[in-house]
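Report on the structure given below.
The values are calculated or read from the model by the stated rules, or taken from the named source; none is laboratory data. It should be emphasised that the depicted structure is a prediction, and the values quoted were computed from it without experimental measurement. When we count neighbours, we look across all protein chains shown, and the Cβ atoms used for this are built from the backbone with ideal geometry, even at glycine. Note: areas computed on protein heavy atoms with side chains; ligands, DNA, RNA excluded. Shrake-Rupley method; radii C 1.70, N 1.55, O 1.52, S 1.80 Å.
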Amino acid sequence: MRNDDVVLVDRALADDETAFAMLVEKYQKQVHALAWQTIGDFHIAQDITQETFLKAHRKLGTLKDSHRFSGWVNAIARRCCLVWFRERHLNSELSKNMNIAMEYNDPYSGYLVQEQAKEAAQELREIVKKWLAKLRESERIVVTLHYFDGMSCEEIATFLGVTTNTIKSRLNRARQRLKDHEPSGQSTLDDFQTFATLSEAANERNIKISFDATTENGKKSGQGSTSLIKKDALLRFRSFSFGWEGDGPLEHMSIALLGMSTTPLLLRFPTNVGDSWRQEGFWNSETKTTLEGYEQIEVSAGIFPACLRHKSILIDTNPRSQNNLIIVTNGKRYGPTDREMSPHVKGVRYLWFANGVGLVKMRYDHSNGNTTEVELMEYKTPGKTEEYLPLQIGSTYTYQSISSYLSEPVTEKWRVTENF
């Protein structure tokens, strides 16, 4: 029977709608029974069953093991039930105002609906943040990968290089830690899957990356961290800190990609070739970014056949820019008047993103004729994803920068420490 599922899933992925209809027919009673038992309402369970299979159809390509279709579709149904419970609990007042706005065509009530929706999303965001902050880093990584990114214990174990039992143990400890800290809150939850439900409903993720840089001879050059926010269809730069050693020029990969003189908005989703946008950069610069097309890129980390090429042109603007970031490094304060410390305010920057991996190459053609080139040397990511800049928690990347500004190549090691 499970082999039949594999065949049907493969056919459905090949756009055979009849095959997916057979999967629906095979499992709809099972899904409806699960929803009915959870919700307690026959008709609402019918709606949830329909929503479950709609989501399953859209996300079928993310199913990692076709043998597990039954459990996978049950997990989707269970999440739909949890979302229903959560929305009913949090949004009763929101629904009331929405009905008023629709009945009387009241613009102000419509505005209140939007504001309450934002507040509800932020409330969910704070709950997730508070819960995850109670966990140790090893537990937080496992929880995020398992519940937010849908990875199995076996997949996480392979990524982290530990046994499956170790992963299960960390998940159990995380659950127990939450019960100890939040006994009243935990009693209202069916299980730990609510984490994913809350995060998905909040429609926002905070991403943090730590990095350190060393010269070719092994001397430590600097270290720092950056914070990004992924919300709706945008990935934005939020904050940046960096400290370097010695009196050499500040010229590193993290600076050029995420730092003070580049673009606050890094990517827009979905990533469609031909998309273009303008924005104010930091320190009185303006940037026009275009997603130009796909290229095969060969770097030390491997050959990547279809990399998305991202081009940004940075130019000077007048002093009215609102993005005049203040940087404090090694105890010294830098502002817009210290633009000469950064060679990245003017020029053309190219980024190449590989599907499921992230950034594999960068070239920055400075306005003074110099060039900085960066390539991915090695990387390790948790699991399969279709994103061009996934930045999954636990991911590590090693880059090497070569530039006329540097006396020798600089190696940067990145590690994603937060993504929830």
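Odds and ends about this structure:
- Distant-in-sequence amide contacts of residue 265, defined by a placed amide H-H separation under 5 Å and a gap of 5 or more residues or a different chain, comprise 237.
- Approximate spin-label separation residue 380-residue 313, in nm, with each point projected 7 Å along Cα-to-Cβ: 4.2
- In order along the range 216-230, the phi-based Karplus estimate (6.51 cos²θ - 1.76 cosθ + 1.60, θ = phi - 60°) of 3J(HN,Hα) comes to 4, 8, x, 6, 5, 9, x, 7, x, 7, 9, 10, 10, 10, 10 Hz; Gly and Pro are listed as x.
- Extension gain for the segment residue 154 to residue 10, taken as residue separation times 0.36 nm less the Cα-Cα distance, is 49.6 nm to one decimal.
- Applying a threshold of 19 Å to the alpha-carbon distances of 134/179; 64/134; 311/361 flags 64/134 as lying beyond it.
- Spin-label pair residue 236/residue 373, simplified geometry with 7 Å Cα→Cβ offset, distance in nm: 3.6
- A crude spin-label estimate for the pair residue 295 and residue 212, with each label 7 Å from Cα along the Cβ direction, gives 3.3 nm.
- Protein accessible area in the range 361-420, 1.4 Å probe - carbon and sulfur %: 43
- Residues whose placed amide H lies under 5 Å from that of residue 420, excluding near-sequence neighbours: 206
- FRET efficiency estimate (nearest 0.05) - Cβ-Cβ, residue 169 to residue 219, R0 30 angstrom: 0.15
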